[in-house]
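Following: one structure in structure tokens, then a few remarks.
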Amino acid sequence: MDTGHAETVVLVHGLWMHGIALLLQRYWLAQSGFVAKTFSYPSVRRSLDENSQLLARYIADLPGGAINVVAHSLGGLVVLNMLAQAYSPRVRRIVLMGSPCGGSYCASVLLRIPLLAMLVGRSIRDSSERSRWDVRADAEIGVLAGNRSFGLGRMILGLPRPNDGVVSVQETQLPGCRDAITLPVSHSEMLISQDCARQAGYFLQYGRFFHA
């Protein structure tokens, strides 16, 4: 495939993960014509600002012009924080998959338990202290949520419905986003869902999701 003029998309994983978790999404986006790359970061050990700076440096070192981003869960908050800090003006379009932009009920519960607070780490703690995300006006953001309630979050009583088993649909809402869609997938299924990849690719191409 000739990728000389293809747009680049960077995939950003969530908590307790590595870029390898997004290999299927990377493959499908590459099949759609993108130059797809994965970015890995220490989701527990580093702060939200530190991880945002790491991502900004990674993007700055990529060749070419505008860069697109697809991020899952905590990865979306790393991206939003990067945009709020104006670290990367090259970013054009962003798809957030299951990212708790409006706060995370599950995280708030875990952070009240000392041992579990250590396990979820600094970036989650930092994101819980953010009440809003001030991002560039020209950043085109699409929000993808899931409503299949299957995941570790089901063990935490009180998670609002509908949810993807970890993050509620309401928590994914982001004022000022270009478009939003909810798919019948769980939080972890987003990593292996071809429907999510199709919707992400569609938004990156057209600035909106495909609403049947």
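The values are calculated or read from the model by the stated rules, or taken from the named source; none is laboratory data. Keep in mind the model is a prediction, meaning the values are calculated, not measured. Reconstructed Cβ throughout: ideal geometry from the backbone, glycine too, with neighbour counts over all protein chains shown.
It is to be established whether one or more residues within the stretch 122-135 are touching a Lys or Arg at 6+ places or on another chain (Cβ under 6 Å) and on the phi < 0 side of the Ramachandran plot. Talk me through it step by step, then tell me what you get.
Applying the first criterion (touching a Lys or Arg at 6+ places or on another chain (Cβ under 6 Å)) to the stretch 122-135 yields none.
There is no residue in the stretch 122-135 that is touching a Lys or Arg at 6+ places or on another chain (Cβ under 6 Å) and on the phi < 0 side of the Ramachandran plot.
From the list TYR27, TYR41, which residue is free of Cβ contacts under 8 Å to residues at least 60 places away in the same chain, among the aromatic types (Phe, Trp, Tyr) and either assigned to a strand (DSSP E or B) or surrounded by 21 or more Cβ atoms within 10 Å (Cβ to Cβ) (or both)? Break it down stepwise before answering.
Values: TYR27 fails: either assigned to a strand (DSSP E or B) or surrounded by 21 or more Cβ atoms within 10 Å (Cβ to Cβ) (or both).
After ruling out the rest, the residue left standing is TYR41.
With the condition kept exactly as written, say whether any residue in the stretch 123-135 is surrounded by fewer than 16 Cβ atoms within 10 Å (Cβ to Cβ) and either part of a helix (DSSP H, G or I) or more than 17 Å from the chain's Cα centre (by Cα) (or both).
Within the stretch 123-135, one or more residues are surrounded by fewer than 16 Cβ atoms within 10 Å (Cβ to Cβ) and either part of a helix (DSSP H, G or I) or more than 17 Å from the chain's Cα centre (by Cα) (or both).
Could we say that SER32 is within 14 Å of the chain's Cα centre (by Cα) and either surrounded by 14 or more Cβ atoms within 10 Å (Cβ to Cβ) or modelled with pLDDT of 95 or more (or both) here?
no
Out of the residues in the stretch 1-29 meeting the condition of being farther than 30 Å from SER128 by Cβ and of a type in the set (S, T, N, Q), tell me which one is modelled with the lowest pLDDT.
Restricting to residues being farther than 30 Å from SER128 by Cβ and of a type in the set (S, T, N, Q), the top hit is THR3.
Out of all the residues in the stretch 83-118, which are surrounded by fewer than 22 Cβ atoms within 10 Å (Cβ to Cβ), among the hydroxyl-bearing types (Ser, Thr, Tyr) and under 17 Å from GLU171 (Cβ atoms)?
Hits for the stretch 83-118 are TYR105, SER108.
Keeping to the stretch 136-169, report how many residues are assigned to a loop (DSSP other than H, G, I, E, B) and of a type in the set (Val, Ile, Thr).
Taking the stretch 136-169 and keeping what is assigned to a loop (DSSP other than H, G, I, E, B), we get 136-139, 147-151, 156-162, 164-167, 169.
Pick out the ones that are also of a type in the set (Val, Ile, Thr) and you get 156, 166-167, 169.
So the answer is 4.
Looking at the stretch 187-208, which of the residues that are among the hydroxyl-bearing types (Ser, Thr, Tyr) and out of contact with any Leu (no Cβ under 8 Å at 6 or more places or on another chain) is nearest to VAL91 (Cα to Cα)?
TYR206
Got a sec? Which of GLY19, GLY65, GLY76 is touching a residue at least 24 places away in the same chain (Cβ under 8 Å), of a type in the set (Gly, Ala, Ser), surrounded by fewer than 24 Cβ atoms within 10 Å (Cβ to Cβ) and under 30 Å from ASP195 (Cβ atoms)?
So the residue among GLY19, GLY65, GLY76 that is touching a residue at least 24 places away in the same chain (Cβ under 8 Å), of a type in the set (Gly, Ala, Ser), surrounded by fewer than 24 Cβ atoms within 10 Å (Cβ to Cβ) and under 30 Å from ASP195 (Cβ atoms) is GLY65.
Within the stretch 51-61, track down each residue that is without any contact (Cβ under 8 Å) to a residue 60 or more places away in the chain and closer than 17 Å to ARG130 by Cβ.
Those that are without any contact (Cβ under 8 Å) to a residue 60 or more places away in the chain and closer than 17 Å to ARG130 by Cβ: SER52, GLN53, LEU55.
Report yes if VAL70 is touching a helix residue (DSSP H, G or I) at 6+ places or on another chain (Cβ under 9 Å), aliphatic (A, V, I, L, M) and surrounded by fewer than 24 Cβ atoms within 10 Å (Cβ to Cβ), otherwise no.
no
Taking ARG198 as the residue in question, decide whether it is without any contact (Cβ under 8 Å) to a residue 24 or more places away in the chain and either touching a helix residue (DSSP H, G or I) at 6+ places or on another chain (Cβ under 7 Å) or among the charged types (D, E, K, R) (or both). Spell out the reasoning first.
Numbers: without any contact (Cβ under 8 Å) to a residue 24 or more places away in the chain: no; either touching a helix residue (DSSP H, G or I) at 6+ places or on another chain (Cβ under 7 Å) or among the charged types (D, E, K, R) (or both): yes.
Taking the combined requirement at face value, the residue does not satisfy it.
Could you please find all residues in the stretch 85-107 being farther than 17 Å from THR182 by Cα, within 15 Å of the chain's Cα centre (by Cα) and not charged (D, E, K, R)?
Listed by number, the residues that qualify are VAL91, GLY103, SER104.
Would you be able to tell me the number of residues in the stretch 55-97 that are under 17 Å from ILE124 (Cβ atoms) and among the aromatic types (Phe, Trp, Tyr)?
0
Working carefully through the options ALA145, ALA200, ALA139, find the one that is more than 21 Å from TRP28 (Cβ to Cβ) and hydrophobic (A, V, I, L, M, F, W, C).
Answer to the check: ALA139.
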